[in-house]
Every structure is written in structure tokens, then in C-alpha cells.
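Have a look at the structure below before the remarks.
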Amino acid sequence: MSMADLKEQEFVHDVYNEIAPHFSQTRYKPWPIVTSFLNDQKTGTIGIDVGCGNGKYLNVNPNVFLIGSDRSSGLIECAHDINNQYNILIADGLNLPHRENTFDFAISIAVVHHWTTRERRIDAIAHIMSKVRSGGQVLIYCWALEQGESRRGYHEGMEQDVLVPWVLPETTKDTKKKGENSKIILKEKMPDLTNIPPKDRSEFIANWKKEQEEKRVAAEKERQKEEEKEWKSENDKESKTKYRFYHLYREGELEEDCKSAGGIIVKTGYEKDNWYVMMSKP
């Protein structure tokens, strides 16, 4: 595998399989311009959704036949759970199994930005377009660098290749604060020697001190176990944050890549912190 393959495996494919159920819960509302594009397709036309995720666009227009694919088996499983009538498959966006020059249209929404080099991003756009017939339409969305009004705060002049965190929800109850209720302090009073004969008191006190020391050692071990548990819990919380690779497209860059892939630009714009390009195949 190339360095790009390895990076995408670690920061895209593995992550999406791990976060798939939680990610799917946040992806349920189709975006307006994508919806309009799908509804504008003629009845009976066929298309592909490359990187379909949980399939939120697959049933927008019931009058077209749309096949969804995704590299993440976890997301495809989520799509199947949502609607087992979806036409879906697991496939790499750079190695789609469909025949070339076949489909009337294609969409790929917020996917191309996950390839780690510009060459691979252009190749992905060209590969998607290769599956569409001459004159067919392709709609591509990618995260924008210019997200100044977004909570993410990305803006012009910032690094374009970034690792974006995804925080998984806690699955266990919060642990107690470090040391809370775990440190046992022994405050035993001296033993009552009233009924102990004077000659036996030294031995009795020695045995009592030994018992107290054993209790102290046991309490200290318990405290250390609690601290280790707390430390493990904190590390588990760290492991719940997963990082995904994104290339943040500056204004005009996606249009350049689509032209380099051989597309004829029909329309460009900005929606939901993404740049989009609608193009046709020559």
C-alpha cells in the first residue's frame, strides 16, 4: 500500500467503520440543493451515489433508480438497517464495479475531500464521471476552507489538510473523581486494655499494631486500584475521540479539480459549509 492508502485506511476507512452507528444518527436531513438536483432527474433515469453513507439521499426521488455505494461496511450496514430495500453495496470510490458510460447522473456528497492527495481527488472525480454516459450530470460536494460563520471556524489562510475530531458518546457511567472515596484513612483509637492483664499488654498491643498495619496496607492497595481504574477511564475517554482526514477546498479549487477530471462545469456554489460543482460529461 502507498503512504496515501495507509493514511486513508487509518484516518478515513477505519474511523468511519468505528463511528458508523453514531455518525449515522447525525445524518438524516437531505440538503436542499442535492434534493433539488435529484428531483430534477427525469422519471426512469438511473444514477449512482458514491459515498452514500447511511443512504439519506437514496429515497429522495422515488421516480429514479439510484444505487448507493460506500467504502465503509459499517455505514452500508446502517443504510440497510434504515431501509432494507435500498440498492447498496460496499465499494471503493476509486474502484467502482459499475460499467462505464452507463448512468444518467451521479452524486458524491462530502466524500472526495477524504482522499489525501490532489491527484487522488481528481482521479476519484474522473472515475465517478467515467460511469456516467455522455451528457450525464455529476454533482460533487466537498468541505470548504471558508467556514468562518461555522462553529468549526475554518477560514482562508488556514491549513487545508486537517484531521477533524469525532467524539463518540460515553458508553459507561462517569467514574468518580480521582481518589474520591477511595483513600481510606484509619483513625483507630488505642485498644481498651482494661481487661488485659498487665503482663500480656505488650504482646496485645504488638498484635493490635500488626493488625492495623495490615489494614493500612490493604486500604492503600485499594486506593491504588481505584487510581489505576480512573487512569484507565481517562485514557478510554481519549480513545473515544477519532480523527478523520479532510482536505478543505478553497474557493474555486473544486471547480479546477472537476475541470482537470474532464468535466464541463454547469453550476457552482456553496451550501452547508461545502463548495459544490454540478458538471456534465462531454
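The values are calculated or read from the model by the stated rules, or taken from the named source; none is laboratory data. This structure is a prediction, so every number in the text was calculated from the model and none was measured. Every residue, glycine among them, receives a Cβ derived from its backbone with ideal geometry; neighbour counts consider all protein chains shown. Keep in mind that these areas ignore ligands, DNA and RNA; they rest on the heavy atoms of the full protein, side chains included. Shrake-Rupley method; radii C 1.70, N 1.55, O 1.52, S 1.80 Å.
Summing Lys and Arg as +1 and Asp and Glu as -1 over all other residues whose Cβ lies under 12 Å from the Cβ of Gly262 gives a net charge of 0. If R0 is 35 Å, the Cβ-Cβ spacing of Glu256 and Thr102 corresponds to a FRET efficiency of close to 0.85. To the nearest Å, what is the center-to-center distance of the stretch 56-77 and the stretch 190-219, using C-alpha atoms only? If we compute the Cα centre of each part, the gap is 75 Å.
Evaluating 6.51 cos²θ - 1.76 cosθ + 1.60 at θ = phi - 60° for every residue in the stretch 55-60, the Karplus couplings come out as x, 5, 9, 6, 10, 5 Hz, glycine and proline recorded as x. Cys52 exposes around 10 Å² of accessible area when a 1.4 Å probe is run over every protein chain in place. Site pair Asp192 and Thr43 shows an inter-label distance of 9.7 nm when each label is modelled 7 Å from Cα along Cα→Cβ. Under 13 Å of direct C-alpha separation, and excluding same-chain neighbours fewer than eight residues apart, Lys225 reaches these aspartates and glutamates: Glu180. Computed with every protein chain present, the accessible area of Glu8 is close to 10 Å² [probe 1.4 Å]. For the chain, the pair-distance distribution built from all alpha carbon pairs, in bins 10 Å wide starting at 0, is 6, 23, 26, 14, 7, 6, 6, 5, 4, 2, 0 percent. Along the stretch 132-143 the Karplus relation, 6.51 cos²θ - 1.76 cosθ + 1.60 evaluated at θ = phi - 60°, assigns HN-Hα couplings of 9, 5, 4, x, x, 10, 10, 10, 10, 10, 9, 4 Hz to successive residues, with x for each Gly and Pro. Mean residue ellipticity, 222 nm, helices only, the chain: the sum of -39500 (n - 2.57) across DSSP H runs of n ≥ 4, divided by residue count and rounded to 500, is -11000 deg cm²/dmol.
Among the listed pairs Lys259/Lys281; Lys29/Lys240; Lys240/Lys272; Lys42/Lys272; Lys209/Lys229, a Cα-Cα separation exceeding 20 Å is found for Lys29/Lys240; Lys240/Lys272; Lys42/Lys272; Lys209/Lys229. Report the residue, chosen from Ile82, Ile46, Ile196, that carries the largest GNM mean-square fluctuation when the chain is represented by alpha-carbon nodes joined by springs under 10 Å. Looking only at Ile82, Ile46, Ile196, the biggest GNM fluctuation is shown by Ile196.
Using a 1.4 Å probe on the protein heavy atoms, what percent of the accessible area of the chain belongs to carbon and sulfur? Walk me through the numbers on the way to the answer.
Numbers: 8000 of 16280 Å².
Reported share for carbon and sulfur atoms: 49 percent.
Of interest is the spacing of the C-alpha centroids, which for the stretch 107-156 and the stretch 1-53 amounts to 11 Å.
Which residue, Ser108, Ser72, Ser260, tops the fluctuation ranking in a GNM of the chain built on C-alpha contacts under 10 Å? Checking each option, the largest mean-square fluctuation is seen for Ser260. Across every pair of non-identical alpha carbons in the stretch 1-133, the mean reciprocal distance, once inverted, gives a Kirkwood radius of 15.1 Å. In this structure the amide hydrogen of Ile48, modeled in the peptide plane, comes within under 5 Å of the amide hydrogens of Ile67, Phe105, Ala106, Ile107, none closer than 5 places in sequence on its chain.
When DSSP beta bridges are restricted to pairs lying wholly in the chain, around 50% turn out antiparallel.
Computed from backbone phi, the HN-Hα couplings of the stretch 2-7 come to 6, 4, 5, 4, 5, 5 Hz, rounded to whole numbers (Karplus: 6.51 cos²θ - 1.76 cosθ + 1.60, θ = phi - 60°; Gly and Pro given as x).
Of Glu77, Glu213, Glu227, the residue with the greatest mean-square motion in the GNM of the chain, using alpha carbon springs below 10 Å, is Glu213.
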